[in-house]
Amino acid sequence: MNDQSQNGDSVAASPAQRSMIRVEPGVPVIRNVNWPGTRALYLKEVRRFMKVQLQTIWAPSVTTLLFLVIFTVALGGGSRTVMGVAFADFIAPGLIVMGMLQNSFANSSFSLLVGKIQGTLIDYLMPPISTGEMLFALVAASVTRAIAVGFAVWLAMALWPGVTVTPHHYWAIAWFGIMGSAFLAFLGVLTSIWAEKFDHAAAVTNFVIAPLSLLSGTFYSIDRLSPTFQAISHANPFFYIISGFRYGFVAVQDTDIAIGAIVILLLNILAAVVCYAVLRNGWKLKN
């Protein structure tokens, strides 16, 4: 009877239950990945920005749409073409992914920083989740916010007259959108660890993230730049993200898409390793 009960438990147990075994009565031990804990932290981060979605999703969408209006209507860019593509169609994908990148960074750079300032950092450090699980949850929540913002901007542009944002290569949109958002999420986690007040995070946003995103070929093709500035643009990781994401919509490219995909993959691996090492060490978190 006992053997049947034990065998039945092992078959009927869910993945979350199988991740915990009791080595002694009343002493649960988590094996492999703590999926319930990771899911709880992910949902906590998602609910945090969804509670103020007017500020975190819809406001950035309106701001990004205003760029399109200014450059196509106010500055008379509606009749111009770039790389054989109508100017509005050329800048629309770049504006979408630029909004995604900036909001992914904003989300992850806020999480641990607000915990430091409000004295609730212990809520991140004490739960029985590993460093990798915590990092995954923070980055996944930031990517979720980026996707929500990107979809809202895309929907607004799809309804805007004179703009075509019909996808051509879904794989490029998915790859560069998700990987680009993840890269900015890792940078946001590093910023939230380093920063001691909101001014520090704002400085990174204003003097690093914003210039790199605006000077990455969002509003122009780098073919029009001098060789020196073309080389500088190729050193900007945002350029590969925006160029690859734009390729998914307009099927034109100003760089090798395969190279861009590899570059952003390697940057994500490097950023993930650095974030993991810093979090595991507890720098500016446990000291």
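Where a number appears in this text, it was derived from the coordinates with a stated rule and is not lab data. Keep in mind that this is a model prediction, so the values were computed, not measured. No Cβ is skipped: glycine too gets one built from the backbone with ideal geometry, and neighbour counts run over all protein chains shown.
In terms of its C-alpha gyration tensor, region 78-127 has a prolate overall shape, because the principal axis ratio a/c (a ≥ b ≥ c, square roots of the eigenvalues) is not below 1.5 and a/b outweighs b/c. Which residue fluctuates most in the GNM of the chain (Cα springs below 10 Å): Thr63, Thr120, Thr228? Looking only at Thr63, Thr120, Thr228, the biggest GNM fluctuation is shown by Thr228. For the pair Thr228 and Asn281, a Förster radius of 45 Å applied to the C-beta separation gives a FRET efficiency near 0.70, rounded to the nearest 0.05.
Rg and Dmax, both from the Cα atoms of the chain and both in Å, are 22.0, 81. For region 170-248, a/c is not less than 1.5, where a ≥ b ≥ c are the root eigenvalues of the C-alpha gyration tensor, and a/b does not top b/c. That puts it in the oblate class. Every helix of 4 or more DSSP H residues in the chain counts as -39500 (n - 2.57), and over all residues that averages to -21500 deg cm²/dmol at 222 nm. With the highest mean first, a sort of the peptides 99-107, 260-268 on other beta-carbon atoms found within 10 angstrom per residue produces 99-107, 260-268.
For the residue pairs Lys116/Lys284; Lys44/Lys284; Lys44/Lys286; Lys116/Lys286, the alpha carbons lie more than 18 Å apart in Lys44/Lys284; Lys44/Lys286.
Placing a label point 7 Å from the Cα of Leu54 along the Cα-to-Cβ direction, the residues of region 144-163 whose backbone N falls under 19 Å of that point are 149, 152-153. The charge dipole of the chain, taken about its Cα centre with unit charges on the Cβ of Lys, Arg, Asp and Glu (plus for the first two, minus for the last two), comes to roughly 480 debye. Relative to the longest principal axis of the Cα atoms of the chain, the long axis of helix 131-159 makes an angle of roughly 40 degrees.
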